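**Student:** Encoded as structure tokens, here's the structure I'll be asking about.
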Amino acid sequence: MSDDLAAQAFIYGFPLVFNLQQVDRFTREGIGAVPPTPFNHFGHATALAGPDDTFVSINNDTIYSLAQLDTAGGPVRLRVPDTAGRYYVLQFVDAWTNNFAYVGHRATGTAAGTYLLVGPGWDGEVADGETVIRLPTRVASIVGRWAVDGPDDLPAVRALQEQLTLEPAGESPGLPATAEGVAEDLLFFEQLRAWSQAFPPADRDRPLQERLAPLGLLEAQSPYVDPGAQTGDTLRRGLAAGRQKLEYVLTHDSSPRQHGWNLTYHVFDYNLDFFEVGARDEEQWKMADTPERYVRRAAAARAGLWGNHGYEAAYAMSYVDGAGDALDGTRRYRLRFTTPPPVDAFWSVTMYDLPEFFLVANPAGRYSIGDRTPGLVHDDDGSLTIVLQHDEPADPQDRANWLPTPAGPFRSILRLYEPRDAVFDGTYELPPFERV
């Protein structure tokens, strides 16, 4: 056992542990405006996300419908309503954070449909008119997003949410229990031990998991209740080193850059094995199978858990302005779009604090700006200039186009729903943050 091996285990297992911690949190406490909801039921938000919704990089331009699936009792039947062309997406995420299926506007259209959600190894009958979706792990998440055109549109979306249903075949045991008596600062390893055994990874990842055996991760009973001083110190040093590496990667992202933006269009491409309905099994959406893939997967979970593949929604993140200086609310900025981003659905810019990546309370109650934001004022040439600063601008046009920033460091995310090819081939370039 070594510090390096423990650090490697942290990077490898972080997506599973962090994800299932949020799954557990959702079933017990809810997430923001989505109430606590048991497995195999949908929980629905009834308002757009705000600063009270403490979930990493939560979006503010769609309404969420979330469900945690458990196929231990058999298949779960999903029924979706006819949305009459309205944009929506149901994103399926397995326990290891692989996006493995999509249902919705882009993937399957907006007509009503029925899907049979089945666990690993299931072999049974399928009724006429049902589409099978196979889960890579017994538990998985459905992250649903509905386009909403302002408060007056909320009742129509609520009616659609009520028609979105899950019908489980049996009882759900949920997440396996972890051993009692494990020190808080070693709980990560205990959760990784219990959950990685209950929800095996892709075959390609199992050799790495087996190499972590000296840490006790393959043991049937927890070795972390009383690990001994030397072992405990090694595990703690490994955790600290792993966390330090992850935070470094987050601020030194290797994604392509454009005018200060990190073009994180491919950060969720680490799924190489599981492709069900709506998921694109194409080389351009698969990253290389190297050790770096585990680091990038961990970073994607830390900074954007449950984020979409780029072909569904492309994300660009910015920590710096066009000159390379860190974005900070003590300064003022302009973001000028001479032409709107090329999308088939819609786009938005959202503001987050650091280091938690949460929405930030502000007097205007505005957390994002996009092509559906009412009252925006365009320049005479048709361009749109977004004003980013902490204090309310004095100029009326600036106030109309104001996206408030925190008082200190911040990060912005540009979301492009159903982006066109020009986004990926470089034909369309994002504007820089210009310091005023």
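Rundown of residues vs (1) in contact (Cβ under 8 Å) with a residue 60 or more places away in the chain; (2) within 22 Å of PHE18 (Cα to Cα); (3) more than 16 Å from the chain's Cα centre (by Cα); (4) crowded, with 16+ Cβ neighbours inside 10 Å, yes/no style:
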{"site": "HIS266", "(1), (2), (3), (4)": "no, yes, no, yes"}
{"site": "ARG302", "(1), (2), (3), (4)": "yes, yes, no, yes"}
{"site": "GLU312", "(1), (2), (3), (4)": "yes, no, no, yes"}
{"site": "GLY324", "(1), (2), (3), (4)": "yes, no, yes, no"}
{"site": "PHE337", "(1), (2), (3), (4)": "yes, no, yes, yes"}
{"site": "PRO341", "(1), (2), (3), (4)": "yes, no, yes, yes"}
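**Student:** Just give me the residues in the stretch 127-146 being closer than 26 Å to ALA45 by Cα and surrounded by fewer than 19 Cβ atoms within 10 Å (Cβ to Cβ), in sequence order.
**Tutor:** Across the stretch 127-146, the qualifying residue is only VAL143.
**Student:** Another question about this same structure. Go through (1) surrounded by fewer than 19 Cβ atoms within 10 Å (Cβ to Cβ); (2) touching a residue at least 60 places away in the same chain (Cβ under 8 Å); (3) in contact with an Asp or Glu (Cβ under 7 Å, 6 or more places away or on another chain); (4) among the hydroxyl-bearing types (Ser, Thr, Tyr) and name the single condition SER368 misses.
**Tutor:** The failed condition is (1).
**Student:** Quick check on my filter: what residues within the stretch 178-202 are within 13 Å of PHE14 (Cα to Cα) and of a type in the set (Phe, Trp, Tyr)?
**Tutor:** Passing the criteria: PHE188, PHE189, TRP195.
**Student:** Are any residues in the stretch 286-306 among the hydrophobic types (A, V, I, L, M, F, W, C), assigned to a loop (DSSP other than H, G, I, E, B) and touching a helix residue (DSSP H, G or I) at 6+ places or on another chain (Cβ under 9 Å), and if so, which ones?
**Tutor:** Taking the stretch 286-306 first, the residues among the hydrophobic types (A, V, I, L, M, F, W, C) are 287-288, 295, 298-301, 303, 305-306.
With the extra rule that they be assigned to a loop (DSSP other than H, G, I, E, B), the set shrinks to 287-288, 305-306.
The answer is MET287, LEU305, TRP306.
**Student:** Taking the stretch 1-50, which residues are touching a strand residue (DSSP E or B) at 6+ places or on another chain (Cβ under 9 Å), in contact (Cβ under 8 Å) with a residue 40 or more places away in the chain and part of a loop (DSSP other than H, G, I, E, B)?
**Tutor:** PRO38, PHE39, ASN40, HIS41, THR46, ALA47, LEU48, ALA49
**Student:** In the same structural domain as ASN40 (by TED's automatic domain parsing), assigned to a loop (DSSP other than H, G, I, E, B) and modelled with pLDDT under 95: is that true of ASP153 in this structure?
**Tutor:** Taking the combined requirement at face value, the residue does not satisfy it.
**Student:** Report yes if some residue within the stretch 219-236 is part of a helix (DSSP H, G or I) and of a type in the set (D, E, K, R); otherwise report no. If you could, list the steps in order and put the result at the bottom.
**Tutor:** Applying the first criterion (part of a helix (DSSP H, G or I)) to the stretch 219-236 yields 229-236.
Still in the list and also of a type in the set (D, E, K, R): 233, 236.
Looking through the stretch 219-236, at least one residue is part of a helix (DSSP H, G or I) and of a type in the set (D, E, K, R).
**Student:** With ALA147, ALA183, ALA177, ALA140 as the choices, which residue is out of contact with any helix residue (DSSP H, G or I) (no Cβ under 6 Å at 6 or more places or on another chain), outside the structural domain of GLY73 (by TED's automatic domain parsing) and under 25 Å from THR37 (Cβ atoms)? Write out each step before concluding.
**Tutor:** Details: ALA147 fails: outside the structural domain of GLY73 (by TED's automatic domain parsing); ALA183 fails: under 25 Å from THR37 (Cβ atoms); ALA140 fails: outside the structural domain of GLY73 (by TED's automatic domain parsing).
Every option except ALA177 fails the conditions.
**Student:** Let me spell it out: the conditions are (1) in a helix (DSSP H, G or I); (2) in contact with a His (Cβ under 7 Å, 6 or more places away or on another chain), and LEU166 meets all of them except one. Which number is the exception?
**Tutor:** (1)
**Student:** List the pairs whose first member sits in the stretch 97-110 and is under 15 Å from GLU282 (Cα atoms) and in contact (Cβ under 8 Å) with a residue 12 or more places away in the chain, whose second member is among the hydrophobic types (A, V, I, L, M, F, W, C) and not in a loop (DSSP other than H, G, I, E, B), and whose Cβ atoms are under 6 Å apart, counting only residues at least 6 apart or on separate chains?
**Tutor:** Note: pairs meeting the criteria are ASN99/VAL93; PHE100/PHE92; ALA101/PHE92; ALA101/ILE133.
**Student:** If you scan the stretch 161-202, which residues turn out to be under 30 Å from ALA84 (Cβ atoms) and under 23 Å from the mean Cα position of the chain (by Cα)?
**Tutor:** Here is the first cut: in the stretch 161-202, the ones under 30 Å from ALA84 (Cβ atoms) are 161-168.
Of everything in the stretch 161-202, those that are under 30 Å from ALA84 (Cβ atoms) and under 23 Å from the mean Cα position of the chain (by Cα) turn out to be GLN161, LEU164, THR165, LEU166.
**Student:** Can you tell me how many residues in the stretch 206-218 are in a helix (DSSP H, G or I) and surrounded by 19 or more Cβ atoms within 10 Å (Cβ to Cβ)? Spell out the reasoning first.
**Tutor:** Within the stretch 206-218, the subset in a helix (DSSP H, G or I) is 206-211, 213-215.
Then drop every residue that is not surrounded by 19 or more Cβ atoms within 10 Å (Cβ to Cβ), which leaves 215.
Result for the stretch 206-218: 1.
**Student:** Give me the strands (runs of 3 or more DSSP E) completely within the stretch 347-428, filtered to those with at least 2 residues that are basic (Lys, Arg) and at negative phi, ordered by residue number.
**Tutor:** Details: elements: 347-353, 368-370, 384-389, 402-404, 410-417.
Strands (runs of 3 or more DSSP E) meeting the threshold: 410-417.
**Student:** Next question, about the same structure. Among the residues that make up the stretch 52-62, is at least one of them more than 28 Å from GLY170 (Cα to Cα), surrounded by 18 or more Cβ atoms within 10 Å (Cβ to Cβ) and touching a Leu at 6+ places or on another chain (Cβ under 6 Å)? Talk me through it step by step, then tell me what you get.
**Tutor:** Going residue by residue through the stretch 52-62, those that are more than 28 Å from GLY170 (Cα to Cα) are 52-62.
Next, only the ones that are surrounded by 18 or more Cβ atoms within 10 Å (Cβ to Cβ) stay: 53, 55, 57-62.
Remaining after also requiring touching a Leu at 6+ places or on another chain (Cβ under 6 Å): 60.
Yes, the stretch 52-62 has at least one match.
**Student:** Let me ask something else about it. Suppose we keep only residues that are aromatic (Phe, Trp, Tyr) and over 14 Å from LEU69 (Cα atoms) within the stretch 101-126. Which one would you say is surrounded by the fewest Cβ atoms within 10 Å (Cβ to Cβ)? Lay out the reasoning, then the answer.
**Tutor:** Start the filter on the stretch 101-126 by keeping residues that are aromatic (Phe, Trp, Tyr), which leaves 102, 115, 122.
Still in the running and over 14 Å from LEU69 (Cα atoms): 102, 122.
On the way: TYR102: 23, TRP122: 14.
Taking the candidates together, the pick is TRP122.
**Student:** Spot the failing condition for ALA72; the list is (1) modelled with pLDDT of 95 or more; (2) touching a Leu at 6+ places or on another chain (Cβ under 6 Å); (3) outside any strand (DSSP E or B), and only one is missed.
**Tutor:** Among (1) modelled with pLDDT of 95 or more; (2) touching a Leu at 6+ places or on another chain (Cβ under 6 Å); (3) outside any strand (DSSP E or B), the lone unmet condition for ALA72 is (2).
**Student:** Let me ask something additional. Residues of the stretch 401-420 being hydroxyl-bearing (Ser, Thr, Tyr) and under 16 Å from the mean Cα position of the chain (by Cα), which ones?
**Tutor:** Of the residues in the stretch 401-420, the ones hydroxyl-bearing (Ser, Thr, Tyr) are 405, 412, 417.
Result: SER412, TYR417.
**Student:** Can you tell me which residues in the stretch 276-300 are touching a strand residue (DSSP E or B) at 6+ places or on another chain (Cβ under 7 Å), surrounded by 19 or more Cβ atoms within 10 Å (Cβ to Cβ) and not acidic (Asp, Glu)? Reasoning before the result, please.
**Tutor:** Looking only at the stretch 276-300, we keep the residues that are touching a strand residue (DSSP E or B) at 6+ places or on another chain (Cβ under 7 Å), and these are 276-279.
Filter again for surrounded by 19 or more Cβ atoms within 10 Å (Cβ to Cβ), leaving 276, 278-279.
Result: GLY278, ALA279.
**Student:** While we're on this one: Tell me, please, whether a residue that is over 14 Å from the mean Cα position of the chain (by Cα), surrounded by fewer than 20 Cβ atoms within 10 Å (Cβ to Cβ), part of a strand (DSSP E or B) and on the phi < 0 side of the Ramachandran plot can be found in the stretch 78-91.
**Tutor:** Restricting attention to the stretch 78-91, the residues satisfying the condition of being over 14 Å from the mean Cα position of the chain (by Cα) are 78-88.
So of that shortlist, the ones also surrounded by fewer than 20 Cβ atoms within 10 Å (Cβ to Cβ) come out as 79, 81-82, 84-87.
Remaining after also requiring part of a strand (DSSP E or B): 79.
From the residues that got through so far, the ones that are on the phi < 0 side of the Ramachandran plot too are 79.
Yes, there is a match, as at least one residue in the stretch 78-91 is over 14 Å from the mean Cα position of the chain (by Cα), surrounded by fewer than 20 Cβ atoms within 10 Å (Cβ to Cβ), part of a strand (DSSP E or B) and on the phi < 0 side of the Ramachandran plot.
The values are calculated or read from the model by the stated rules, or taken from the named source; none is laboratory data. Not measured: the values here are computed from a predicted model. Cβ atoms come from the backbone with ideal geometry, glycine included; neighbour counts cover every protein chain shown.
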